[in-house]
1. Looking at the stretch 387-399 only, could you name the residues that are within 16 Å of the ligand (Cβ to nearest atom), in contact with a helix residue (DSSP H, G or I) (Cβ under 8 Å, 6 or more places away or on another chain) and over 21 Å from residue 167 (Cα atoms)?
2. Mind telling me which of the residues 393, 398 ends up being buried (at least 24 other Cβ atoms within 10 Å of the Cβ) and farther than 22 Å from residue 22 by Cβ?
3. Name the residues in the stretch 330-344 that are touching a strand residue (DSSP E or B) at 6+ places or on another chain (Cβ under 9 Å) and either in a loop (DSSP other than H, G, I, E, B) or within 21 Å of residue 222 (Cβ to Cβ) (or both), would you?
4. Pull out all pairs, ordered by first then second residue, where Cβ-Cβ is under 6 Å, the residues are six or more apart or on different chains, the first lies in the stretch 162-187 and is under 27 Å from residue 341 (Cα atoms), and the second is part of a helix (DSSP H, G or I).
5. Just to confirm my filter: which strands (runs of 3 or more DSSP E) fall fully inside the stretch 229-286 and include at least 2 residues that are more than 16 Å from the ligand (Cβ to nearest atom)?
6. Restricted to the stretch 59-84, and to residues that are free of Cβ contacts under 8 Å to residues at least 40 places away in the same chain and either more than 32 Å from the chain's Cα centre (by Cα) or not assigned by TED's automatic domain parsing to the domain that holds residue 104 (or both), which residue is farthest from residue 308 (Cα to Cα)?
7. Report whether or not residue 181 is over 28 Å from residue 321 (Cα atoms), more than 16 Å from the ligand (Cβ to nearest atom) and assigned by TED's automatic domain parsing to the domain that holds residue 289.
Ligand code: MLT
């Protein structure tokens with residue numbers, strides 16, 4: 001028989017969100033009367049329709065494909081220039097970041113890219129992650145054989161875990177020794193906390209001193225409300241020599257279903273061969289991208305570009321404010337019933353301490369049974385997330401208001 005990649009057998013249980021869905025389905029089957037009352041604040045999936053400027057651009061581009069004269073087949077794997085230029089001007093040049101359009105690779109998701117990026121790095125690099133963390137970073141390292149087995153707490157041998165908890169004010173300490181690859185995510189999923197310029201500078205300085213590369217996931221940057229908080233790691237001097245950045249249209253522009261994202265790989269970023277010869281990273285990612293990916297569809301790239309039109313910016317701003325108002329309602333509602341909450345000010349996630357010292361999964365069950373509410377257990381994001389719980393602000397206003405009401409009834 002054909003041998004499987006047995007690294008997959010090291011993975012703990014299912015991927016977090018399908019596992020939650022499985023438990024919710026089981027609850028609904030066992031409690032059919034409660035099924036229609038269930039409100040899901042678990043996965044961070046958008047609920048509001050695409051902004052009109054984006055829909056219009058997608059329609060128009062689709063019509064172009066219906067005509068022989070304007071039909072297009074394969075596009076450039078890296079993305080059309082109209083989108084790469086719009087990203088470069090609006091997300092980087094406007095913020096004073098030294099990024100050029102040909103360093104931007106348009107893709108179908110920052111989840112995919114944050115996993116795929118491992119293709120271009122040697123498997124004996126030391127990898128550091130914060131804990132709790134977006135599970136994709138860990139699982140893709142496991143799948144590609146970069147770890148040993150997991151211990152009872154779910155921590156894999158070989159990974160360097162950096163705890164981020166209330167005790168250290170959700171500010172991960174710099175690693176004590178040298179690590180090669182460092183995953184950072186700000187605004188943070190799952191804790192909803194942010195990193196200041198000073199904090200990011202410390203990481204950039206660490207990476208420079210240790211020849212490390214930071215894999216910076218900024219998928220939630222649009223939700224930053226504090227003008228002092230950096231939106232891109234390239235706002236930090238020297239970062240283009242040590243960081244790759246992942247960005248997405250999923251959460252700000254509502255593209256979780258339509259799919260469009262991008263990754264920035266600066267041309268000044270270097271790595272090394274096993275023999276110690278210096279190698280440019282950009283051509284490696286370009287090679288990987290062109291070999292394994294055929295580009296995002298033309299109408300969707302036109303839709304993404306419309307996010308940068310005047311109308312698109314305004315409509316996205318309204319969408320972001322809508323979700324952030326949900327976050328405020330959740331934070332305030334929980335605080336009123338005596339629950340300690342974090343995040344939710346510059347990020348669409350509210351991170352809370354489970355009341356009475358309950359484990360994350362026990363609290364999940366209590367909320368589901370008493371309030372028919374679904375959230376994400378903090379322990380699903382890592383051992384240091386035990387005793388915490390995440391609520392997503394991506395929902396309709398009516399559902400959020402109803403959820404706050406039920407929190408009051410169930411926990412007040
Ligand atoms: C989450 O809930 O953490 C996100 O939806 C995950 C993702 O964007 O892949």
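The values are calculated or read from the model by the stated rules, or taken from the named source; none is laboratory data. Because the structure is a prediction, the values reported are computed rather than measured. Cβ coordinates were reconstructed from backbone atoms using ideal geometry, including for glycine residues, and neighbour counts include every protein chain displayed.
1. 393, 394, 395
2. Working: 398 fails: buried (at least 24 other Cβ atoms within 10 Å of the Cβ).
Just one listed residue meets the conditions, 393.
3. 330, 331, 339, 340, 342, 343, 344, listed by residue number.
4. Listed pairs, sorted by first residue: 163/384; 165/384; 174/206; 183/137; 187/223.
5. On the way: elements: 243-248, 261-264, 270-272, 278-280.
Qualifying strands (runs of 3 or more DSSP E): 243-248, 270-272, 278-280.
6. So, considering only residues that are free of Cβ contacts under 8 Å to residues at least 40 places away in the same chain and either more than 32 Å from the chain's Cα centre (by Cα) or not assigned by TED's automatic domain parsing to the domain that holds residue 104 (or both), the one farthest from residue 308 (Cα to Cα) is 68.
7. Working: over 28 Å from residue 321 (Cα atoms): yes; more than 16 Å from the ligand (Cβ to nearest atom): yes; assigned by TED's automatic domain parsing to the domain that holds residue 289: yes.
So residue 181 fits the description; yes.
One line per residue, one yes/no per condition, for (1) out of contact with any helix residue (DSSP H, G or I) (no Cβ under 8 Å at 6 or more places or on another chain); (2) more than 24 Å from residue 136 (Cβ to Cβ); (3) touching a residue at least 12 places away in the same chain (Cβ under 8 Å):
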| site | (1), (2), (3) |
| --- | --- |
| 321 | yes, yes, no |
| 334 | no, yes, yes |
| 340 | no, yes, yes |
| 359 | no, no, yes |
| 367 | no, yes, yes |
| 372 | no, yes, yes |
| 381 | no, no, yes |
